[in-house]
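Student: Structure below; questions to follow.
Nothing in this text is a laboratory measurement; each read-out follows from the coordinates by a stated rule. Just so we're clear, the structure is a prediction, and the values are computed from it rather than from any experiment. Here the Cβ is made from the backbone with ideal geometry for all residues, glycine too, and neighbour counts use every protein chain on show.
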Amino acid sequence: MTDIQRLGIIGAGQMGNGIAHVAAQSGLDVVMLDVKEEALAKALATITKNMDRQVSKATLTEDAKHQALARITTSTDYAAFNTCDMVIEAATEKEELKRAIFKTLVPHLKPEALVASNTSSISITRLAAVTDRPERFIGMHFMNPVPVMKLVEIIRGIATSEDTFQATDTLAKRLGKTTATAEDFPGFIVNRILVPMINEAVYAVYEGVGTVTSIDTGLKLGANHPMGPLELADFIGLDTCLSIMQVLHDGLSDSKYRPCPLLVKYVEAGWYGRKTGRGFYDYTTTPPRPTR
């Protein structure tokens, strides 16, 4: 079984820097890549800030923080992955982008290296098919924010080997995560259930069943959810929610997965949620106020 000691990460955004954080803290050497140097600098600043928070809560020592940060190197060149035992792609949830990334990546890998995608909904089998190693390709879906959330979904493509699965499961547990194994169907487990619930909440707003505040309050207090579905949609990103609904609708051909027209309109407006300052709530005010 592959012993993973050096981990590559493609993408320095929220997911990529979170994976780098937990991997470095777990004693792995990490190579984080992005197309922009400024994205890498921002990611390192975020990791440092999040580790400082851990130090302030006494869940991490100052010495352990410095050791972890020293294990992270950054690059804009895929050649930096040539000694990695595994590379995890954590780019934007767009299939064509991911396929292009994997085509660029594989010539730089050693033959035994594993490849994983952090996709939240796209077919692992289809992504694996563009590489030279479908048996060494797997889905490794981390939850956001990675340093806090305990779950990793592991998804086998049709060609994924048992050794690849076992090595990935071992890695996830080394990172302090609990694993759930999903079959390679659209949305896997979490998003197959979660995002249609969010989409239904958007329909409830769209059809005037309730206000944004009423719907979120109802689910928080009536179903004991820590966040309401519309608040959660803003946290995930409305563009990501729409992308997942489109994958479910296209992949399963069932009208119950039709994205709500209001969700489409918000994304067309560039109202993606917290990351753009406006979604179902306006984050330029304190506290955030509903936009409908």
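Student: Give me the distance in nm between label points sitting 7 Å out from Cα along the Cα-to-Cβ direction at K220 and K256, one decimal.
Tutor: Calculated label separation equals 2.9 nm.
Student: Related question: Give me Y203, Y257 sorted ascending by neighbouring Cβ count inside 10 Å, so fewest comes first. Each step should come with its number before you reach the end.
Tutor: Details: Y203 16, Y257 21.
By the 10 Å Cβ count, ascending, the order reads Y203, Y257.
Student: Run the reach check for K42 against lysines, Cα to Cα strictly under 16 Å, same-chain hits fewer than 8 apart removed. What comes back?
Tutor: Within reach: K275.
Student: Further question: For the chain, what number results from the quotient of the Cα radius of gyration and 2.2 N^0.38 Å? Display every interim value, and only then the final one.
Tutor: On the way: Rg = 19.4 Å, N = 292, 2.2 N^0.38 = 19.0 Å.
This ratio for the chain stands at 1.02.
Student: Please list, by residue number, every one of the trypsin sites (Lys or Arg not before Pro) in segment 29-58 that is coil in DSSP and has at most 10 other beta-carbon atoms within 10 Å.
Tutor: Taking segment 29-58 and a limit of 10 other Cβ atoms within 10 Å, the loop trypsin sites (Lys or Arg not before Pro) found are K36, K57.
Student: Let's test the formula: R0 of 22 Å, r as the Cβ-Cβ distance of A70 and D3. What FRET efficiency results, to the nearest 0.05? Don't jump to the answer; show the numbers that get you there.
Tutor: Numbers: r = 21 Å, r/R0 = 0.97.
Plugging the Cβ-Cβ distance into 1/(1 + (r/R0)^6) gives 0.55.
Student: So, in nm, how far is label R126 from label R292 when the simple model puts each one 7 Å beyond its Cα toward the Cβ?
Tutor: 2.8 nm
Student: What's the ranking of 258-268, 228-238 by average number of surrounding C-beta atoms within 10 Å, highest first?
Tutor: With the highest mean Cβ count within 10 Å placed first, the list reads 228-238, 258-268.
Student: Measure off 7 Å from each Cα along the Cα-to-Cβ vector at D63 and K94, then give the distance between these two points in nanometres to one decimal.
Tutor: For the pair D63/K94, the computed spacing is 4.7 nm.
Student: Let me ask something additional. Can you work out the PRE-style zone for T285? Point 7 Å along Cα to Cβ, and I want the residues of segment 199-215 with backbone N under 18 Å.
Tutor: Within reach of a label on T285: 211-215.
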